[in-house]
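Comments concern the structure below.
The values are calculated or read from the model by the stated rules, or taken from the named source; none is laboratory data. Bear in mind the structure is a predicted one, so any value in this text is a computation, not a measurement. Positions of Cβ are generated from backbone atoms using ideal geometry, with glycine treated the same way; all protein chains shown enter the neighbour counts. Just the protein is used for accessible areas: all its heavy atoms, side chains included, with ligands, DNA and RNA removed. Shrake-Rupley method; radii C 1.70, N 1.55, O 1.52, S 1.80 Å.
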Amino acid sequence: MPNSLVIRISGTAGEGVLAAGDMLNLAMKRAGHHTMLFQSYGAEVRGDGPSMAQVRVSDSQVLSHGDDVDILIALNQDAVSLNLSEVRKGGLVIYDGQPLDTFGSQKTFAPSLPEGIRGVSVPLASISYQKLNSLVSKNLVALGAFSAVSGLPFEIIADIVKARFGEKSLSALKMGLDHVTAKASVTGFNLEMRNALQDMLILSGNQAVSLGAIAAGVKVFAGYPITPATDIMEFLAAELPKVGGRVIQTEDEISAVCTVLGASFAGSKAMTATSGPGLSLMVEGIGLASMAEVPAVIVDVQRAGPSTGMPTKTEQSDLNIAIFGSHGDSPRVVLAPSTVEECFYLTIEAFNIAEACQTPVLILSDQFLGQRRETVSPFDMSGLKLAQRLKPDTEELKGYKRYRLTDNGLSPLAEPGMDGGEHAATGLEHKEDGSPSYDPDNHRAMTAKRWRKLELAKLDSVKPVRFGAADALIGIIGWGSTEGAVREAVSKANEEGLKVAALYPKLLNPLHTDIIEAFVRPLKKIVVVESNYTGQFAALLRSNGISCESFTLCEGRPFKVAEILKRIEVGC
């Protein structure tokens, strides 16, 4: 097989596009290939609009969702016109050559394909409707046709379809296979069984966050459904009770974050997950966690745009609210995973920092990272270390001062029921014993105390990741889910002889400024890659004295490798 193959399934909501993509992704993994599934679909409740599932397979780790499409599976006529421009020369289009009109009458369709792009006509609708009496089988007919043209062993996809839809569904799959097999052979693709990766997992970023929270010992999850973060609550609702935890669906995001603070104050590790609009509602609660010094973990799976925006599209535009979203000076830690695997490990890190530093910790994911599914190695639990919150000893409980001023900002946290540990914990500014205070000197001292704890997070957190040429002249800095595409672009640039390297911080607040400064010092140019309009991370770096250019994408989709590579080549 080629080193990498991109298969896109496109159609309209209701045609089973996402289900077909999910099954194809699993089939590729079972055939021994590394995979990544990226989905794009409409946000309307009525289910209108185009849907797309893109599976990229490779004989090595898949870093991005892929640029040009090798095989397009178009479930309707519109899907051809919407996606044909992204099919590479030498690619293949599987299309419905006998679609049905709104009255169920058969038509004929033959798209005008550019030179170098081959087409395979399969009567998807006719087979599904006339032979199987069900239009919802179109996606399965298409998967059978794909098996015939690609060489993907039919038995693999058949087992997956049977497990999901039952024995009767196999007839649709077989008809698609037989129709293409009876025609002239289509060569150029050979997805044979590789007998590898059988121990690997297929997970989404949201699932990895959920598993990381369980591994970290979360006992309470409180949340309100919001795309694209709802998967986390749904996963934990099924799995958390199995390990003695509970999931609470609250009436809104304000209640969710306050429930988390109450559970944490009572001694349980607690978290919530939301997207941009919900994070806005949680801002005052996050400030309360900062003021009362209560551990809390908040996951923000970012969507595109302000207000309701584009709920099912990706963007990295919540950085400013994550770091600065507060009235008053409200310290918090912000982490940003870049891969599904990092979603697991950085969620554990988030709980460790929250517990050790008695502060809220935000995890910035996004729709692309949260909902994509990729092959992941089994998680290594051998070195797992879980931080415990600092509790008062017997002597400290005598005349207990919950907010005692200390050199590192940490003071022992008594849980309800501790004899002598009674104290006030409110959003009011307070003295060391927790009683309200409006004294200027006390406010300055307590504010400094709360901010000192962030230095502890910097010491213990994951350091920035560097990759690329050791003697680079151009540097790329980014964060979060853009890393995969940047890795590919940097690798290709290095192969072209361009001296480029990249740095990806995982801790966005507080920044490892010393490491970032050391990275940029020998470089002639620094470009910051991020998926938002205003270049929020670039602005943050400039505010820390780091001169840089901003390269942004604001279209609700992930970066393509070619876009980043072109910017590198222009910069050189």
- [ ] Determine ³J(HN,Hα), in whole Hz, for all residues of segment 111-121 in sequence, where each value follows from phi through the Karplus function 6.51 cos²θ - 1.76 cosθ + 1.60 and θ = phi - 60°; x replaces Gly and Pro.
- [x] x, 7, 9, x, 4, x, 10, 8, x, 10, 8
Task: Approximate spin-label separation Phe324-Asn408, in nm, with each point projected 7 Å along Cα-to-Cβ - done: 3.1
Open item on the list: Helix 253-265 against the longest principal axis of the chain: what's the angle in degrees, Cα atoms only, rounded to the nearest 10?
Closed with: 50
Open item on the list: From the helices alone, meaning DSSP H stretches of at least four residues, give me the mean residue ellipticity at 222 nm for the chain, per-run term -39500 (n - 2.57), in deg cm²/dmol to the nearest 500.
Closed with: -11000 deg cm²/dmol
- [ ] With a 1.4 Å probe and every protein chain left in place, tell me how much accessible area Leu170 has, in Å² to the nearest 10.
- [x] 40
TODO: Just name one of Leu319, Val333, Ser307: the one whose Cα is farthest towards the positive end of the charge dipole of segment 296-365 (beta-carbon charges, Lys/Arg +1, Asp/Glu -1).
DONE: Ser307
TODO: Return P(r) of segment 20-63 (all Cα-Cα pairs; 10 Å bins starting at 0; whole %; ordered from short to long distances).
DONE: 29, 42, 21, 9
Open item on the list: Suppose we look only past 16 Å in the calculated P(r) of segment 230-285. What percent of the Cα-Cα pairs does that tail hold?
Closed with: 43
Task: Sum of side-chain charges, Ala518 neighbourhood, beta-carbon under 13 Å (Lys, Arg +1; Asp, Glu -1) - done: +1
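Using packing as a proxy for protection, rank 51-64, 431-444, 409-422 so that the peptide with the highest average count of other Cβ atoms within 10 Å comes first.
Final packing ranking: 51-64, 409-422, 431-444.
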Open item on the list: If you average the C-alpha positions of segment 266-289 and of segment 44-90 separately, how far apart do those two centres end up, in angstrom?
Closed with: 36
TODO: Can you quote the Å³ per residue value for the convex hull of the Cα atoms in segment 280-336, rounded to an integer?
DONE: 82
Task: For segment 279-392, convex hull volume per residue from C-alpha positions, Å³ - done: 91
- [ ] Under 17 Å Cα to Cα from Lys174, which lysines show up? Leave out anything in the same chain fewer than 8 places away.
- [x] Lys131, Lys138, Lys162, Lys183
TODO: Using every Cα-Cα pair within the chain, state what percent have a distance larger than 38 Å.
DONE: 36
Task: C-alpha center-to-center spacing [segment 526-572, segment 336-388] in angstrom - done: 24
TODO: Enumerate the calculated ³J(HN,Hα) couplings along segment 234-247 in order (Karplus 6.51 cos²θ - 1.76 cosθ + 1.60, θ = phi - 60°), each rounded to whole Hz, writing x wherever the residue is Gly or Pro.
DONE: 5, 5, 5, 4, 7, 9, 5, x, 5, 10, x, x, 9, 10
Task: Alpha-carbon radius of gyration plus Dmax, which is the widest Cα pair, for segment 83-148 in Å - done: 12.8, 36
Task: Hz values of 3J(HN,Hα) by residue in segment 367-383 - Karplus curve (6.51, -1.76, 1.60), Gly and Pro given as x - done: 4, 4, 6, x, 10, 6, 10, 9, 6, 9, 5, x, 6, 8, 9, 5, x
Task: Mean Cβ neighbour count within 10 Å, used as a protection proxy, ranking 9-18, 379-388 highest first - done: 9-18, 379-388
Open item on the list: To make sure I understand the rule: partners must be lysines, Cα under 20 Å from the Cα of Lys499, and not fewer than 8 residues away in the same chain. Which ones qualify?
Closed with: Lys524, Lys525, Lys566
Open item on the list: Need the C-alpha centroid separation for segment 476-517 versus segment 409-444, integer Å.
Closed with: 42
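So for segment 401-496, if I pair up every lysine 8 or more residues apart or on another chain, how many of those pairs have alpha-carbons under 22 Å apart?
7
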